[in-house]
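Undergrad: Dumping the structure here so I can ask a few things about it.
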Amino acid sequence: MIHISRKDLQIINEILKKYPHSFYTYRSKEKGREQKFLELDLYVVDQTISESIISILKEEFKDSNLSIPVNIISWFDIQEDFRWLIEKDLTIF
């Protein structure tokens, strides 16, 4: 299970709901242990999202009152071997 504070979750959802894209997070397969995030990586698996929207999202998260940093990452900007490694463990956010 992924643990993010209720306040952080609310802020993240408020930002993301403005954008018509799906966002995914990588969840390690360490079963039975709740994982508290030190940072959150959100992957955009959508080739239609522009670099300018990704930049705006990054700025919104940077300027928010979140207790953790949020990274917005285009799925297509990461190395193929890493994509293959985490693909099966992506979870819709």
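Undergrad: So for the pair residue 85, residue 62, with labels modelled 7 Å out along Cα→Cβ, what separation do we get in nm?
TA: For residue 85 paired with residue 62, the spin-label model returns 2.7 nm.
Undergrad: Would you mind working out the accessible area per residue for the chain, using a 1.4 Å probe, and quoting it in Å²?
TA: Working: 6440 Å² over 93 residues.
On a per-residue basis, 69 Å².
Undergrad: Based solely on its DSSP helices, what 222 nm [θ] is calculated for the chain when runs of n ≥ 4 H residues each add -39,500 (n - 2.57) and the sum is averaged over all residues, nearest 500 deg cm²/dmol?
TA: Taken over the chain, the calculation gives -10000 deg cm²/dmol.
Undergrad: Here's another thing I want to ask about it. Quote the relative contact order of the chain in percent (integer), defining contacts as alpha-carbon pairs under 8 Å separated by 6+ residues.
TA: On the way: 113 pairs, mean separation 35.7, N = 93.
For the chain, the relative contact order is 38 percent.
Undergrad: Here is a follow-up. Kindly state, to the nearest 0.05, the FRET efficiency for residue 93 paired with residue 48, given R0 = 25 Å and r defined as their beta-carbon distance.
TA: 0.90
Undergrad: Something else now. Determine the dipole magnitude for the chain: charges of +1 sit on the beta-carbon of Lys and Arg, -1 on that of Asp and Glu, nothing else is charged, the reference point is the Cα centre, and the result goes in debye to the nearest 20. List each step's numbers first, then the result.
TA: Numbers: 13 positive and 16 negative charges, 98 e Å.
So the dipole magnitude of the chain works out to roughly 480 debye.
Undergrad: Given a 1.4 angstrom probe, I'd like the percentage of the accessible area of the chain that is carbon and sulfur, rounded to a whole number.
TA: Roughly 51 percent, rounded to a whole number.
Undergrad: So for the chain: antiparallel DSSP bridges make up what percent, rounded to the nearest 5? Present the calculation step by step, with values, prior to reporting the outcome.
TA: Values: 6 of 13 bridges.
Antiparallel bridges make up about 45 percent of those DSSP assigns within the chain.
The values are calculated or read from the model by the stated rules, or taken from the named source; none is laboratory data. Being a predicted model, the structure only gives us computed values, none of them experimental. Quick reminder, even Gly has a Cβ in these numbers, built from the backbone with ideal geometry, and neighbours come from all protein chains shown. Quick note on the areas: whole protein, heavy atoms, side chains included, nothing else; ligands and nucleic acids left out. Shrake-Rupley method; radii C 1.70, N 1.55, O 1.52, S 1.80 Å.
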